Each structure stands twice: as structure tokens, then as C-alpha cells.
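The values are calculated or read from the model by the stated rules, or taken from the named source; none is laboratory data. Here the structure is a predicted model, which means the values were calculated and not measured. Methodologically, a virtual Cβ is constructed for each residue, glycine included, from the backbone with ideal geometry; neighbour enumeration extends over all protein chains shown. Keep in mind that these areas ignore ligands, DNA and RNA; they rest on the heavy atoms of the full protein, side chains included. Shrake-Rupley method; radii C 1.70, N 1.55, O 1.52, S 1.80 Å.
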Amino acid sequence: MNKRLKSLVVVSVLTALVAVSVLSGCAKKNTSTTDSKPAVVKTKPTINIGSKDFTESLILSELYALALEKQGYKVERKFNLGSAVVHTSLVNADIDFYPEYTGTALLSILKEKPRFDSKEVYDEVAAKYKEKFKLIWLEPSAANDGQGLVISKRASELYNIHSITDLQKNAGKIRFASQGQFDERADGLQALVKTYGAFKFKDEKIYDNGLKYDVLHNGKADLAVAYTTEGQLSKDEFVVLEDDKHVWPPYNIAPVIRQDLIDKNPEIKGILNKVTSKIDNKTIIKLNAEVDINKKEYTEVAKNFFDMELSK
């Protein structure tokens, strides 16, 4: 092969090698620019749920826990906290939320004067909790677990007593089963007298609070002090008198939750509000009765209700 031809062959080979190298480099460059980064999957946080140490609060907190678990959240249950410590536990971030009562927040936590309109009470506690504690009140329930007076159905029908005004007019015919402390408290009998006038009962005896429904059932008294969502009120033989002059503030139930948790996980609001929307007095009385009267476990009662009303 002559020198000229040999030179041409060498040049051609070198050119080809350069071309292959350039194309290879381009290919690598293109691959690196077109490969997409793996999607970042947001991990849902573990939610610490608290409850107070009585039936109603346990049932409600369990319902909220079941709803969150259904949506993929891990839940830690920190139930049975005393009423005196549960708010502090929330402020200190030992728990993330728990069901509270608007009247309790207004009077016991914020130390404000009583108010008697449900919306006004809710608006005030919601605003002040956010300002003072960075806590958010979610939507309130229709259920109102407030102070009340319960009368036997027999006495209600016999004397035509359906409201506290009716009771005041007919007090001389009624035997009152007091718990003693109620007579002395400013928001007890004193508040009733201030709002409705004097109550001159036919008879008044002090009984332990746990015996009041037995006393009414056995005909030893006609009237007792009650909370308006107690399980025993599911029985037809008892009637809660209408507080027609609004002597007692409302105690509507709602979850109170840390603001930072809601800010980072806004979907939690809708999950919990859906549960709360199913709770009215008739419903919570029935659920309380399943535990307090029928002696079922609160976890079983909550699960049955959740499956029927909230699992869809």
C-alpha cells in the first residue's frame, strides 16, 4: 500500500472513532437530562389521640382514631387522661388532639363569663384557643352534654312538666333527689333560682350521683340533676326538662387539635369533621348506654357504629 493510501485509511479510522465517541457522549448526556427523579412520597405522621376518663370521651376518641386509621394514618391512643391534665397534655404536645366541650373551654380553661348561645360560645373559644395556645377547634357536634334536670316520665305526665318553667310552677308537688353539691354551686340551684325563681320542692333528699336513676326508677323521688347525654336517658321512663330560659351554657363537642399538625396535614380536618357530623344527643346517648347499661367495651361500641355509619 502506498503512503498516500495508508494516510487516508488512518484518517478515516480516526474520524470514525471521534464520531463514535461524540455520539456516545451525546447519548450519555441526553440520558442524564431526560431521566426523571423518583417521586417524593409524603409520609403520613403518627397521630397521638387523647381522651378524658369517662365513657363518652373514650367512645368519641376511638371513633376519631378509627377514621384516621382508615385513611392510612398510624394512631397512638393516649386515653383515660384526667380532665385536669388533658388540656395541658395538648398544649405540651404530648397529644395531638382530643374531644373537648365548648362550655368547659369557656368556663374552666379560659375562665370567661358564661354565655348561652352555642355559636357565640364556639366562636369565642375557637378564637381565643388559636390566639393563646395555637390550637384549632374543628367543627362542633350537634350533641350538647350540658347540665340538666331529669324527671320521671310518670311525674312529667301527671303534672304536665316539660320545661324548667313548668317545674318551678309545680315544685310543691315534686320530690327532688339532690347530690348536695348542686345546691351550693353558683351554677347549680342558685343559678336556677336566679333565673326561674324559687323552687319550693315537696321533699328534698341527698343521694349519691350514681344512684339517681335507681331512685327515680324505684319511685323514691321524681327529679334529679343530670348531664344531658347520659346513657340512662335512652330509657323512655326518664325525661330531660327543657332549659327554656337558658340558665346553663352549651357544651357542644368538637376535636381540639394542634395548629401545626393541621397546617401540615389539612386533610385531617375533613376526616375528623365527618365523624363529628354524625354525633347528636340521641346518637351519643345510645352509644353511652351500650357501654354504661349493656356493659359492652367502648372499643366494640365505637367499631360497630363506625362500620355502620362512617366506613363508606
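Here are the numbers for the structure shown:
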quantity	calculated
Selection within the range 95-113 - among the small types (Gly, Ala, Ser) and farther than 16 Å from residue 247 by Cα	105, 108
Residue under evaluation residue 142, criteria (1) among the small types (Gly, Ala, Ser); (2) more than 30 Å from the chain's Cα centre (by Cα); (3) open to solvent by 10 Å² or more (accessible area, probe 1.4 Å); (4) under 22 Å from residue 246 (Cα atoms), criterion not met	(2)
Residue count, the range 54-87 (criterion: assigned to a strand (DSSP E or B) and either touching a residue at least 40 places away in the same chain (Cβ under 8 Å) or not acidic (Asp, Glu) (or both))	7
Total residues in the range 170-186, condition more than 33 Å from the chain's Cα centre (by Cα), small (Gly, Ala, Ser) and crowded, with 16+ Cβ neighbours inside 10 Å	1
Residue tally, condition buried (at least 16 other Cβ atoms within 10 Å of the Cβ) and in contact (Cβ under 8 Å) with a residue 60 or more places away in the chain, over the range 88-113	13
The listed residue being crowded, with 16+ Cβ neighbours inside 10 Å, among the aliphatic types (A, V, I, L, M) and out of contact with any Phe, Trp or Tyr (no Cβ under 8 Å at 6 or more places or on another chain), out of 167, 149, 135, 189	149
